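Following: one structure in structure tokens, then a few remarks.
The values are calculated or read from the model by the stated rules, or taken from the named source; none is laboratory data. Just so it is clear, the structure is predicted and the values come from calculations on it, not from any experiment. Positions of Cβ are backbone-derived with ideal geometry, glycine not excepted, and every protein chain shown enters the neighbour counts.
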Amino acid sequence: MNLMARWVFLAAIGLVGAGCSSFGPGSIVRDRVDYSEAIGDSWKRQTLTNIVRVRYMDAPIFLDVSSVVASYGLNTTIGASVDSSPGVSGMPLTTSGSAAWSSNPTITYTPLTGSKFLRGLLDPVPPSTVLYLIQVGYPADFILQLGVESVGNLRNRTDHAGEARKADPAFLRLTTLLRELQHVGGIGLRVQEGADKQTVTFVFRAESVTGEVLRQIDEVKDLLGLAKDLNQFKIVFSPVRTRPDEIAVNSRSMLQMMSALATFVDVPAKDVAEGRATPVPDMTLWAEPLLRVSSANAAPDDAFVSVQYRNQWFWIDDRDWRSKRTFSTVLFMFTLADTDVQGRVPVMTIPVR
């Protein structure tokens, strides 16, 4: 190989090597984070949009990103020229080249529809699932205010088909007491696996506790009409109890949770007055609302998530940790609800350029 050919060969190797450094393991480090952040942000925006839509009595619409296929390409060009003009000695060699790589992902979207998805959206989350979240450390007042319609005959704040209802003061008092008992270890759950179902028992740990804890336990029993001489009560999914050793928990579906949270969305007063958006119940009972969704004509400067809907911007402030906790828990609850639609043929597959 003469000197000219050797230089051209080495230049080609260098250019190809530089291009290939962007493929393989390097692409995983770069693209996995980028794609996951983009999918996560779109999931947040879709969920907030649907909560706002419910406030306006619009049907929530869900579109799932079912797959992302990234394809890569590498294009290289190499050139060489020799200056053999008269008077030029040594025949100097000039080389040139370039390498460019491209990424062309194909994204598949699946509309979440059909009877299975709708049942998952409408069926209540099992009370055992709601109570498990308390067992693993989620605040009891937060989980009950988010995840149940009622406990016993005590009703939560909610919205039924655009008719909002405020929470019973006794319900909010119950959630506060259970949070305080949770903090000192005064309550717990016991799960028994049967042949065809689980039995979940709510336990008051009345042994070796202070007089104040016993007073709180007695107040909880009074609020729910429970027998004072019992400390273990079976959890049943029902709006009413039928036995003295039961606690009736009427848990919410995902659609009910979204409807309840929609009552915390700030909408223009004009939209409520004209009947475009539903009115909300009294807020004076709530020391700390579960969710604050602000609205304005202009886009926010510092938002955890923001969307534009009906020429109005809606957002959750990034400094509002309570609202962020509620919103993130709703996303988590969607994964617990049975809304799987695997096996459905994708409707839209879009190559991105």
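For the range 233-253, how many residues are outside any strand (DSSP E or B), more than 14 Å from GLU149 (Cβ to Cβ) and free of Cβ contacts under 8 Å to residues at least 40 places away in the same chain? Break it down into steps so the answer makes sense when it comes.
At the first step, the residues of the range 233-253 found to be outside any strand (DSSP E or B) are 238-245, 252-253.
Filter once more, keeping what is more than 14 Å from GLU149 (Cβ to Cβ): 241-245.
Checking the rest, the ones that are also free of Cβ contacts under 8 Å to residues at least 40 places away in the same chain come to 242-245.
Selection size over the range 233-253: 4.
Scanning the range 116-170 for residues that are at pLDDT below 90, basic (Lys, Arg) and surrounded by fewer than 20 Cβ atoms within 10 Å (Cβ to Cβ) gives LYS116, ARG119, ARG165, LYS166.
Would you confirm, using the coordinates I've provided, whether GLY186 is surrounded by 21 or more Cβ atoms within 10 Å (Cβ to Cβ) and among the small types (Gly, Ala, Ser)? Spelling it out, GLY186 is indeed surrounded by 21 or more Cβ atoms within 10 Å (Cβ to Cβ) and among the small types (Gly, Ala, Ser).
Please count how many residues of the range 262-276 are acidic (Asp, Glu) and either loosely packed, with under 10 Cβ neighbours inside 10 Å or not assigned by TED's automatic domain parsing to the domain that holds ALA298 (or both). Explain how you work it out, then say what you get.
We begin by selecting, within the range 262-276, every residue acidic (Asp, Glu); these are 266, 271, 274.
So of that shortlist, the ones also either loosely packed, with under 10 Cβ neighbours inside 10 Å or not assigned by TED's automatic domain parsing to the domain that holds ALA298 (or both) come out as 274.
Summing the residues that are acidic (Asp, Glu) and either loosely packed, with under 10 Cβ neighbours inside 10 Å or not assigned by TED's automatic domain parsing to the domain that holds ALA298 (or both) in the range 262-276 gives 1.
Which residues, counting only those in the range 291-319, are among the hydrophobic types (A, V, I, L, M, F, W, C) and in a strand (DSSP E or B)?
Filtering the range 291-319 down to residues among the hydrophobic types (A, V, I, L, M, F, W, C) leaves 291, 293, 296, 298-299, 303-305, 307, 313-316.
VAL293, ALA296, ALA303, PHE304, VAL305, VAL307, TRP313, PHE314, TRP315, ILE316 - these are the residues of the range 291-319 that are among the hydrophobic types (A, V, I, L, M, F, W, C) and in a strand (DSSP E or B).
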